[in-house]
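Student: Shown below is the structure under consideration.
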Amino acid sequence: MKQYQELKAAQPTAYNFDENELNTLGYQLIRAKKFGEAIRVLQLNVEVYPRSGNIYDSLAEAYMDDGNKSLAIANYENLFSSTRRTSERSNASETQSL
């Protein structure tokens, strides 16, 4: 993860650091049964994009596949909280535009 931060700081346009790329990498690691590495990548994704519900779902899946049911459940709960906050912001935005 240190390398990610160094590359992003030094060469932000040379690499694709978006949410989907990190998520795809996480799933590639899950499919390769490299759960610890997948979890680290997906945790980084949560740190960088904390408002994305999709990321919490991916991280929960990685924890579940790694056998850590309690952290999987915690991240599914974060998914629902994130989705709820996004919905509330959207509703507030629509109300303001009326």
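The values are calculated or read from the model by the stated rules, or taken from the named source; none is laboratory data. Just so it is clear, the structure is predicted and the values come from calculations on it, not from any experiment. For neighbour counting, all protein chains shown are included, and Cβ atoms are generated from backbone atoms with ideal geometry for every residue, glycine included.
Student: Looking only at segment 1-22, how many residues end up being loosely packed, with under 13 Cβ neighbours inside 10 Å and in contact (Cβ under 8 Å) with a residue 12 or more places away in the chain?
Tutor: Adding up the residues that qualify gives 1.
Student: Under 7 Å between Cβ atoms, at least 6 apart or on separate chains: pull out the pairs that start in segment 52-66 with a residue that is under 12 Å from ASN23 (Cα atoms) and free of Cβ contacts under 8 Å to residues at least 60 places away in the same chain and end on any residue that is among the acidic types (Asp, Glu) and surrounded by fewer than 18 Cβ atoms within 10 Å (Cβ to Cβ).
Tutor: That search, which allows pairs on different chains as well, returns SER52/GLU19; ILE55/GLU19.
Student: Looking at segment 23-41, I want the residues that are touching a residue at least 24 places away in the same chain (Cβ under 8 Å) and have a partner that is outside any helix (DSSP H, G or I) with Cβ atoms under 7 Å, at least 6 apart or on another chain. Which pairs are those?
Tutor: That search, which allows pairs on different chains as well, returns PHE35/ASP66; ILE39/ASP66; ARG40/MET1.
Student: Something else now. Mind telling me which of the residues TYR15, TYR56, TYR63 ends up being in contact with a helix residue (DSSP H, G or I) (Cβ under 8 Å, 6 or more places away or on another chain), assigned to a helix (DSSP H, G or I) and either at pLDDT below 95 or of a type in the set (A, V, I, L, M) (or both)?
Tutor: On inspection, the qualifying residue turns out to be TYR56.
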